[in-house]
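The values are calculated or read from the model by the stated rules, or taken from the named source; none is laboratory data. Since this is a predicted model, take the numbers as computed values, not measurements. When we count neighbours, we look across all protein chains shown, and the Cβ atoms used for this are built from the backbone with ideal geometry, even at glycine. Surface accessibility is based on the protein's heavy atoms, side chains included, excluding ligands, DNA and RNA. Shrake-Rupley method; radii C 1.70, N 1.55, O 1.52, S 1.80 Å.
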Amino acid sequence: MSDIYKDINSNYERLSETEREVINFILKFEDIEELKLRYIKDALYISNATVIRACKKLNYDTFSELKAAFIQSREEKQSMYPVESNFSHELDCIKKDTLTTLELVDEKDIDQICNCLINARRIFCVGTGSSSKVASEFNYKLKSINLWTNDFSDRLLIERIPQISTVQDVIVIFSLSGEAEEIDEIMIKAKSNRTKIITVTNMAAIKLKSISTHCLVTSNPSDQKKFCSRLMLYMMSTLIYEKLITKVPSFE
C-alpha cells in the first residue's frame, strides 16, 4: 500500500472543492477507526458518492481502503516511535507530524530552491501571524551567509513587494494555514513581475501552491495542532538552510 499522505499531496489538485472538504475532514478526525461514511455525510451535507469520488481520485477504490491506509500509516509511525508513557500527547503528535512531513520532502525540490536563493538579487521573507516568526528566523539565517534578504510580516509592507520586485528577486512565504486570500492576491501581482515565489505551507493550500514557483509542503494542520504545524515550518526552513550552507562558496 502506498503512503496516504504522498497520495493526497500528489492528487490534491485533482479534487473538487467539495472533495477537498472531505479529505480535510478525514485528516482532522482524531479517531480514524471510528470514522464512518455517515459522519462525513452528516457533517458536510454531502452524498456518499462524493466521498467515494474523492477516494478514487486519490487512487483508493473504496472509503474502507482509504481509511485502512490512514490506519496503516499511523501504526507504522507508532511502531517506529512507540509512546511508552503518558508523558505527552503533544510529543506523539510532533513525532507523527515530523515523519509525515519528512516523507513529503524531495531533495530535488530543496536543491532547486537553494539555487533560486543563491542566484537571487534580493530575497523577501514573508510570514504573517504565527508564521512570521519562522520567516524572521529564516531571514536571519540567510543574512548569516551573506544573502541579501529582509523579512516582511506587516501587511502594509507586504503589499509593497509587487511594486519593487523583479524577475531577479525571490519571495519566500511561510504560511501555517495557506488560507490568507489577501497574501495570495499580493503574490499573484508579484508573479506578474516574473518574481520567483517559494512557498512552505501545508498540503491543502491549493491556491498558494498553484501560485508558487517551488513549494515544500508539511503535514496538514488542525486547530489542535498549530504548535506542531509551526514546528514543521521551522523544520522545512532548517532543511533549506542546511542544504544552502553546503552550496554557498564561503561555507564549503
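GNM on the chain, C-alpha springs below 10 Å: top fluctuator among Ala43, Ala180, Ala120? Top of the fluctuation ranking is Ala43. Taking the 0 to 90 degree range and rounding to the nearest ten, how far is the long axis of helix 48-57 tilted relative to the main principal axis of the chain, both from C-alpha atoms? The answer is roughly 50 degrees. Placing unit charges on each Cβ (+1 for Lys and Arg, -1 for Asp and Glu) gives the chain a dipole about its Cα centre, and among Ser73, Ser153, Thr100 the Cα reaching farthest toward its positive end belongs to Ser153. For the chain, what does the relative contact order come out to in percent, with C-alpha contacts under 8 Å and a separation of six or more? The value is 19 percent.
Sparse packing (at most 14 other Cβ atoms within 10 Å of the Cβ) combined with a DSSP loop state is found for the following chymotrypsin sites (Phe, Trp or Tyr not before Pro) in segment 13-61: Tyr45. Take every Cα pair under 8 Å whose residues are at least 6 apart in sequence, average their separation, divide by the length of segment 24-159, and the relative contact order is 13 percent.
Can you give the helix-only mean residue ellipticity at 222 nm for the chain, where every DSSP H stretch with n ≥ 4 adds -39500 (n - 2.57) and the sum goes over all residues, rounded to the nearest 500 deg cm²/dmol? Numbers along the way, then the final one.
Working: 12 runs with 147 residues, N = 252.
So the calculated ellipticity at 222 nm is -18000 deg cm²/dmol.
Based on the inverse mean of 1/r over its pairs of different Cα atoms, what is the Kirkwood hydrodynamic radius of the chain, in Å? Walk me through the numbers on the way to the answer.
Numbers: mean 1/r = 0.0519 Å⁻¹.
Final number for the Kirkwood radius of the chain is 19.2 Å.
Note on Trp148/Asn48: beta-carbon distance plugged into 1/(1 + (r/R0)^6) with R0 of 51 Å gives a FRET efficiency of 0.40. Proximity of backbone amide H atoms, modeled 1.01 Å from N, is registered between Lys196 and Asp169, Ile171 at under 5 Å, excluding neighbours fewer than 5 places apart on the same chain. Overall, the accessible surface of segment 22-178 at a probe of 1.4 angstrom is composed of carbon and sulfur to the extent of 49 percent. Round to the nearest 10 and give me the degree value, 0 to 90, for the angle of helix 131-144's Cα axis relative to the longest principal axis of the chain. Compared with the principal axis, the helix lies near 40 degrees.
With a Förster radius of 51 Å applied to the C-beta separation of Lys41 and Thr246, the computed FRET efficiency comes to 0.50.
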